[in-house]
Amino acid sequence: MKPSESLKIDAFSMQIGDIQGVELDRLHALSLSVGWPHRAEDWQFLREAGQGFVALDEIGRVLGSAMWFPHGASLATIGMVITSPRLQTLGAAQWLMKRVLDKISGRDLRLNATRAARRLYLSLDFQPEKTVYQCQGIARVPTTESPAEARGDIRILDASDIPAAIALDAAGFGVRRTALIEKLFGHSIGYGLFDGKKLTAFALCRPFGRGHVVGPVVAQSDADAVAIVRPHVVDHSGSFLRIDTHMDSGEFAAFLAHAGMPVFDTVLTMSLGKRLADFFGGGLAGPKTYALTSQTLG
Ligand SMILES: CC(C)(COP(=O)(O)OP(=O)(O)OC[C@H]1O[C@@H](n2cnc3c(N)ncnc32)[C@H](O)[C@@H]1OP(=O)(O)O)[C@@H](O)C(=O)NCCC(=O)NCCS
């Protein structure tokens, strides 16, 4: 059975709408209402990278949102699931999510759930995978450590490095995110670690929310990840910097705390369909994702 196009709860009567047709300011107002840091530009970036639904009241106000982002042919991430505070706990998010799931059925799904949303996703059969540590603060170059010994040369990436970055990202993420990585290159500064001509690790950094966000970061080891994130910390020393990582211990996690980015909050990566481990054939060797692109994009 198809999910319904409209929902009536309490005094609210809502229609489903396409997120692409909504004024950016209205989406921005929705995320501000739940205390999220996204700027209107961040919404625009996400709208260009994905698709979504909004819940609209009778006079066109946006009371809820839910988006999805296809990565390759078989995977999608879900994000920007928000309902207006005056509407919460009444079933609106459940209704929006069912619309999204209907639209993208057949794909493996991944998302990062806030505490507020965990129960919602569990009820939709998403499985908990691992914790994401949202690390942020005023960046500072750690004085306590000597720069990690990089196993190669570090340089700024340009458009000619995009194919290598797509391949490295796929090894960490599980599928090739060609369109997304190409788009991120247009908005980011990137540092890469090279062994001769071969890209072995990279870290992108772009404006987001209250300052800048570093991600994705893909590397073979903690030392390499530190080595390519460090130049971004230098560039943004004294201003707001954020990284979302699955790493809870080790040299990389310690580096973030020393670089002025302690853990601010946590979310939970969840999946529906293929589990995270299924994407990597059980092998733990090889490049790893040290930082997500964002909680929304994975
Ligand atoms: C998370 C959020 C989207 C949930 O929206 P919502 O409209 O309140 O959700 P629903 O009313 O559809 O409820 C969904 C489920 O959570 C449960 N739930 C909702 N609020 C709850 C609460 N305060 N306490 C316990 N359970 C709650 C509902 O009972 C329902 O469970 P069920 O499916 O087993 O019946 C909303 O709280 C929100 O926008 N929060 C801020 C932004 C955010 O964190 N977004 C999630 C991003 S991953």
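The values are calculated or read from the model by the stated rules, or taken from the named source; none is laboratory data. What you see is a predicted model, and the numbers here were worked out from it, not measured in a lab. Positions of Cβ are backbone-derived with ideal geometry, glycine not excepted, and every protein chain shown enters the neighbour counts. With ligands, DNA and RNA removed, areas are computed over all heavy atoms of the protein, side chains included. Shrake-Rupley method; radii C 1.70, N 1.55, O 1.52, S 1.80 Å.
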Accessible area, probe 1.4 Å, largest first, for residues Leu90, Leu32, Leu56, Leu111: Leu32, Leu90, Leu56, Leu111
With at most 16 neighbouring Cβ atoms within 10 Å, loop GluC sites (Glu not before Pro) (DSSP) excluded, longest segment of the chain: 150-298
Cα-based radius of gyration of the range 133-291 once divided by 2.2 N^0.38 Å, which approximates compact folds: 0.98
For the chain, calculated [θ]222 nm from helices alone, where every DSSP H run of n ≥ 4 adds -39500 (n - 2.57): -8000 deg cm²/dmol
Largest to smallest accessible area among Ile243, Ile162 [probe 1.4 Å]: Ile162, Ile243
Compactness of the range 38-168, expressed as Rg and Dmax over alpha-carbon positions, Å: 19.3, 60
Mean accessible surface per residue for the range 6-106, computed with a 1.4 Å probe while every protein chain stays in place, in Å²: 44
Heavy atoms of Arg140 accessible to a 1.4 Å probe, total area in Å² rounded to 10: 130
With all protein chains modelled, accessible area of Thr266 [1.4 Å, Å²]: 40
Extension gain, Val234 back to Glu5 (0.36 nm per residue minus Cα-Cα distance, nm): 77.5 nm
Solvent accessible area, Å² - His258, 1.4 Å probe, full protein context: 80
Computed over the range 208-263, Cα set: Rg, Dmax in Å: 10.5, 30
Rounded if a/c under 1.5, otherwise prolate or oblate - the range 6-106, Cα gyration tensor axes: oblate
Backbone HN-Hα couplings from phi across the range 59-67 [Karplus 6.51/-1.76/1.60, Hz, Gly and Pro as x]: 10, x, 6, 8, 9, x, 8, 7, 10
Normalised contact order of the range 153-298, rounded percent, pairs of Cα under 8 Å and 6 or more residues apart: 26
Scattering curve values for the chain, log₁₀ I(q)/I(0), Debye with Cα scatterers, q = 0.15, 0.16 Å⁻¹: -1.17, -1.30
Rounded D (µm²/s) - the range 83-152, Kirkwood Rh over Cα pairs, Stokes-Einstein at 37 °C, 0.692 mPa s: 204
Listed residues Val141, Val81 arranged by accessible area, highest first, probe 1.4 Å: Val141, Val81
